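Please treat every number below as a calculation from the coordinates, not as lab data. Treat the numbers as computed from the prediction; the structure is a model and nothing was measured.
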Ligand code: SF4
């Protein structure tokens, strides 16, 4: 995503006062120039909370952490979430994340959250959860740090690679569900939306309202729930169960077991994706190459 895209999106949403802008990826610190520019644009728009979600790989020492964050704080960044857990630890040492957390706390950010993912249920012992527990134990007890436990949601690559860690269940498709916690609210009245670098506007990853590179963002927001988007109409009236019915009419065979409600919904959407590529987008959410397979190659 370019800073110009962000400028345009915020201008298009001027009739919809925003409480916060969060920048996440991937890893936003890989594009420090765009990150700083997006923060400045959001600040100029008067947005109260401007946050970034990162794995902290850049905090190679406590002083490096301060050096990276200082210009961003001056630009208007006031909230930060640092992800560190058994999944991230494969690539980024928790020590770096801890440097980043310490730097953010020292600099007086309004909100500093450490986000630790677990494969649900948390009590399930596996190499990822065991490592997450170790990291949790290191972080807990700091009164200035918000420590958040995040259950892995089985969508995209997580569905392919992590669902085997769970004890799968026999599930009935739900009639209703709630958007991911970082969006908030309900599907009838979501509190936020996310936009990917290609312009896809989503309330849940891979389930798109439309594309803000092709249509004005304000129009997509204003026609939410009333857009003639067949898939959304079915979903809003009948939830994931409605999508399952539609998929079954097209030949989908329900599995005996799924890791979770979201896993069931994702597998159904994956089946439906070639029929509704405009709404089940971005396509990459459904055909990511699993890292297991990449390693084999
Ligand atoms: S994956 Fe499906 S069931 Fe889960 S929150 Fe998204 S829309 Fe709801």
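Region 56-96 and region 179-234 have Cα centres separated by 30 Å. Residues considered: 15, 65, 184. Largest GNM mean-square fluctuation over the chain, using C-alpha springs under 10 Å, is found at 15. Per the Debye calculation on region 155-288 with a single equal scatterer at every Cα and no solvent contribution, log₁₀ I(q)/I(0) for q = 0.19 Å⁻¹ amounts to -1.16. Size of region 37-114 from its Cα atoms: along the principal axes, largest to smallest, the extents are 38, 24, 20 Å. For region 1-152, the calculated P(r) over all alpha carbon pairs, in 5 Å bins from 0 to the bin holding the longest distance, is 2, 10, 19, 21, 17, 14, 10, 6, 2, 0 percent.
Using Cα-only point scatterers and the Debye equation, what is log10 of I(q)/I(0) for the chain at each q in 0.11, 0.13 Å⁻¹, rounded to two decimals? Taken in order of the listed q values, log10 I(q)/I(0) reads -0.73, -1.02.
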